[in-house]
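A short write-up of the structure that comes next.
The values are calculated or read from the model by the stated rules, or taken from the named source; none is laboratory data. Owing to the predicted nature of the structure, the values given are computational and were not obtained by experimental measurement. So basically every Cβ, Gly included, is an ideal-geometry build from the backbone, and we count neighbours across all protein chains shown. Note: accessible area is taken over every heavy atom of the protein model, side chains too, but ligands, DNA and RNA are not part of it. Shrake-Rupley method; radii C 1.70, N 1.55, O 1.52, S 1.80 Å.
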Amino acid sequence: MILLLNLLPVLIAAIGFGLSWKRKNRWIAAATCAALLLYFQAQPSYLPKGEITRSPPPVFGESNAQIEDRNRKPMPGDERDQRMRDAVQQGLDFKP
């Protein structure tokens, strides 16, 4: 639809100036120019109209929340070694 609206002035100009050339009348060319001028004045703009105001950002109150460290801590080496020994002694879960 927008493509047709954008091609309409070209179509008006082609028809008007083609008829003007074929009939050798200058008033057809003048009428074509007037029609194009009228079309461009009446065509709606795609830009927003008026002024757009920005809403104010929300106000953030002060918080008394404590900062918690939720990062995982590395396992101590002795505990890790003991878990590995226990896993080797128990064997694999999917053995028959």
If I build a Gaussian network model for the chain, linking alpha-carbon pairs within less than 10 angstrom, which residue out of Glu62, Glu79, Glu51 has the largest mean-square fluctuation? Glu79
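Largest first and in whole Å, what are the equivalent-ellipsoid semi-axes of the chain based on the Cα gyration tensor, each being the root of 5 times an eigenvalue? Intermediate results must be reported in sequence, preceding the final value.
Working: eigenvalues 1372, 170, 15 Å².
Each semi-axis is √(5λ); the values are 83, 29, 9 Å.
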Projected onto the charge dipole of the chain (+1 at Lys/Arg Cβ, -1 at Asp/Glu Cβ, origin at the Cα centre), which of Thr32, Asn6, Ile52 gives the Cα projection farthest towards the positive end? Thr32
With every protein chain left in place and a probe of 1.4 Å, what is the accessible surface of Ser55, to the nearest 10 Å²? 90
